[in-house]
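Notes follow once the structure below has been shown.
The values are calculated or read from the model by the stated rules, or taken from the named source; none is laboratory data. What you see is a predicted model, and the numbers here were worked out from it, not measured in a lab. Here the Cβ positions follow ideal geometry from the backbone for every residue, glycine too, while neighbour counts run over all protein chains shown. Heavy atoms of the whole protein, side chains included, go into the accessibility calculation; ligands, DNA and RNA do not. Shrake-Rupley method; radii C 1.70, N 1.55, O 1.52, S 1.80 Å.
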Amino acid sequence: MERNLKNVLIISFGFLLLFTAYGGLQSLQSSLNSEEGLGVASLSVLYAALILSSMFLPPILIKKLGCKWTIAVSMCCYIAFSLGNFYASWYTLIPTSVILGLGGAPLWSAKCTYLTIAGTSYAEKAGKNAKDVINQYFGVFFLVFQSSGVWGNLISSLILSQSSTKVEISEEDLECCGAHNCLTDTTNTTGSTKPSNSLIYTLLGVYTASGVLAVLLVIIFLDQIKSDQAETEKEKLEAPSFWSTFLATFRHLKDKRQCLLIPLTMYSGFEQGFLSGDYTKVYVTCALGIQYVGYVMICFAAVNSLCSLLFGRISQFTGRKLLFALATVTNTACIIALLLWKPHPKQLAVFFVFPALWGLSDAVWQTQTNGLYGILFEKHKEAAFANYRLWESLGFVIAFGYSTKLQAYIKLYILLSVLALSMVMYGAVEYLEAKSSPGTPAATKKENGKPHSQETWM
């Protein structure tokens, strides 16, 4: 096997092992650590730390440690979060959430840098176009990585379903489920949804072991980038000062189009936060039990992955506006239905319909919004995508921050309002684009022929 491809596969499977653990654990936080809203509070802190991390840490760590050891050290930050869940309290989970958040941005930046250098290196030897090889390497990475959402949630459901104490959920307890949920600990009132400590420790042990295997895989088998290969990349990292990069992010807000896209970018964080923080708790866990959370999120991950691939390919024929319209209609229908639906165990199939439709919508939000940023701000991509990460992470922080303070129906109305504002602002961006280039319809521009990889930062 060609050496660079071997390294790409090692990184890909390392991320698969790591995010199998983290993805499954994130989906369970609102249900597993529901006391005083500890689980969602930890996720809110995590994304706040990620915002700070993405602004300052990646260039520093990659320059000092190199890509291989930045990846390994950052992976250890994820393991710390798994360990913090063994004895979940405000004194263990919040600090480990901060550690994970700080490690998140360097991990993804080092991965991107490594794959870019590996692709460039192979292209030079083989006499191929560097851009084509790099795209192939990223394609391999995401092909392997995207399945982590399935495996992590499958592990949690298989382990938690082993509980020997199955308690029927009473009709009275079911009244606390759904949009008008009681602002109490629904996972305790239903009784059947709290697994035994032995099952929780087994699950956390599997997740921790998966993270440790990821680190060992990288340390033992991943080649260090040679100093001469990394020199060019280091120069790129050193070129702008940290403060100039930081200020460039906010200077980019002078662009009217960037300001108009803020609601749409934040909505991405809001809608993902609602699904993993609220739907899993007040609909699934409350009415079915925590063992079903993994199966429901598998449905979301599978549809999301397939639709991301599909929409990336068909966008050149449909244009982005039609896809945004599809996502808006689908998400709006889901929100209205969730406001009206009273979850009941007898309606098992319905619990999977919502995450499937949500996955379809999220695939549009991720692929098309990323693509929109790449096209509109082609000359200032670094500052533009820094803004993307900033505002999406802020959406996560807010969504998880108010998760335990508001009833689900209020959060659904907030989602609906932000979605409506996002589409109005997005329409204004399309209008400005059409106005600036008369005679060239926005839907026929070159961007629609280029699918963009979906990159899940957390």
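Counting only Cβ charges, +1 for Lys and Arg and -1 for Asp and Glu, the dipole size of the chain around its Cα centre is about 1140 debye.
Peptides 205-213, 128-136, 412-420: what's the order by average Cβ count within 10 Å, highest mean first?
Details: 205-213: 19.9, 128-136: 14.7, 412-420: 17.3.
In decreasing order of mean packing, 205-213, 128-136, 412-420 become 205-213, 412-420, 128-136.
Each stretch of four or more DSSP H residues adds -39500 (n - 2.57); spread over every residue of the chain, this sum gives -26000 deg cm²/dmol at 222 nm.
Could you tell me the distance between the Cα centroids of region 302-376 and region 13-50, to the nearest Å? For region 302-376 versus region 13-50, the Cα centre distance is 22 Å.
Roughly to the nearest percent, how much of the accessible area of region 248-435 is carbon and sulfur, given a 1.4 Å probe? Walk me through the numbers on the way to the answer.
Details: 4890 of 7060 Å².
So the carbon and sulfur contribution to the accessible surface is 69 percent.
The H on the amide N of Thr404, modeled in the peptide plane, is under 5 Å from the matching H of no residue at least 5 residues off or on a different chain. For the chain, the list of Cys residues with no other Cys C-beta under 4.7 Å reads Cys67, Cys76, Cys77, Cys112, Cys259, Cys299, Cys307, Cys334. For the chain, the longest principal axis of the Cα atoms and the long axis of helix 293-318 meet at an angle of about 40 degrees. When the Cα positions of Leu360, Asn129, Gln224 are compared along the charge dipole of the chain, Asn129 comes out farthest toward the positive end, with charges on each C-beta of Lys, Arg, Asp and Glu. Excluding ligands, DNA and RNA, the accessible surface per residue across the chain is 42 Å² with a 1.4 Å probe. Normalised by 2.2 N^0.38 Å, where N is the number of residues, the C-alpha radius of gyration of region 276-366 stands at 1.15.
Sparsely packed loop sites in region 351-434 (the trypsin sites (Lys or Arg not before Pro) outside DSSP H, G, I, E and B with at most 11 other Cβ atoms within 10 Å) comprise Lys405. Remark: the Ala333-Lys6 segment gains 113.2 nm on full extension, using 0.36 nm per residue and subtracting the alpha carbon distance. Shape of the chain from the C-alpha gyration tensor: oblate (a/c of 1.5 or more and a/b not above b/c, with a ≥ b ≥ c the square roots of its eigenvalues).
Within the full protein context, the accessible area of Phe311 is estimated at about 10 Å² for a probe radius of 1.4 Å. Eigen-decomposition of the gyration tensor built on the alpha-carbon atoms of region 248-435 gives equivalent ellipsoid semi-axes of 30, 18, 14 angstrom, largest listed first. May I ask for the angle, rounded to the nearest 10°, between helix 348-376 and the longest principal axis of the chain, with both axes built from Cα atoms and the value confined to 0 to 90°? Compared with the principal axis, the helix lies near 20 degrees.
Using the average count of surrounding beta-carbon atoms within 10 Å as a protection proxy, the listed peptides 41-51, 421-431 rank, highest first, as 41-51, 421-431.
Helix 408-436 and the long axis of the chain differ in direction by around 20°, with both axes built from C-alpha atoms.
Going by the alpha-carbon gyration tensor, a ≥ b ≥ c the square roots of its eigenvalues, is region 25-171 rounded (a/c under 1.5) or, if a/c is not under 1.5, prolate (a/b greater than b/c) versus oblate? Oblate. For region 71-174, applying the loop criterion from DSSP together with a ceiling of 15 other beta carbons within 10 Å to the GluC sites (Glu not before Pro) yields Glu168.
For the pairs Lys68/Lys381; Lys128/Lys379; Lys68/Lys125; Lys6/Lys281, note any where the Cα-Cα span goes beyond 32 Å. Present the calculation step by step, with values, prior to reporting the outcome.
Details: Lys68/Lys381 25 Å; Lys128/Lys379 25 Å; Lys68/Lys125 22 Å; Lys6/Lys281 40 Å.
Over 32 Å Cα-Cα: Lys6/Lys281.
Where in region 250-271 does the amide nitrogen come within less than 12 Å of the point 7 Å from the Cα of Lys435, taken along Cα to Cβ? Counting only backbone N, you get 256-257.
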